[in-house]
1. Can you tell me which residues in region 38-62 are outside any helix (DSSP H, G or I) and under 16 Å from the mean Cα position of the chain (by Cα)?
2. Filtering region 64-88 down to residues that are open to solvent by 80 Å² or more (accessible area, probe 1.4 Å) and part of a helix (DSSP H, G or I), which residue is modelled with the lowest pLDDT?
3. Checking Arg92 against (1) open to solvent by 60 Å² or more (accessible area, probe 1.4 Å); (2) modelled with pLDDT of 80 or more; (3) among the basic types (Lys, Arg), only one condition comes out false. Which one?
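The values are calculated or read from the model by the stated rules, or taken from the named source; none is laboratory data. On a predicted model such as this, the values are computed, not experimentally measured, just so you know. Accessible surface areas use protein heavy atoms only, side chains included; no ligands, DNA or RNA. Shrake-Rupley method; radii C 1.70, N 1.55, O 1.52, S 1.80 Å.
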Amino acid sequence: MFSAFSSMDYHSIWASTPAETAVKRLNGIGEVLSSLDISAIHTQDDKTRTLWTLDTADKCIRMILSEFRTAPAKEQVVREAKSLVDLIELARDEISNYRDGGRVLS
C-alpha cells in the first residue's frame, strides 16, 4: 500500500451540503488510492497502470473542484482536494524513485 494515503481519514460522513458531498467523493478517491501498492510494480505495464490510476484520480479531483467551486464552505473542499493532489504528486515521485533506485522494470 502506498504509505502517504494510509493515514487518510475514511470515516463516512452524511452529506447534507454540497461541500460535504464533495468531501465524501474526495474521500472515496483517497480510499481507492490507498490501495495502490508500489511494491507490486514489477513491469512497465504495472507502472503505466499505476500512473494511469493516479492521473485519473487527479482528473476526478479537478472535476469535483470545478463542480463545487461556488458551493458554500468551498474552502473545506479545496483543502481536501489539495491534500489529495499533493499525495498524488508524492506517489508519482515515489514511483520514479522506486524505479530509479535500481529496480529494473521489464
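1. If the condition is that a residue be outside any helix (DSSP H, G or I) and under 16 Å from the mean Cα position of the chain (by Cα), then no residue fits.
2. Lys74
3. Here Arg92 clears every test but (1).
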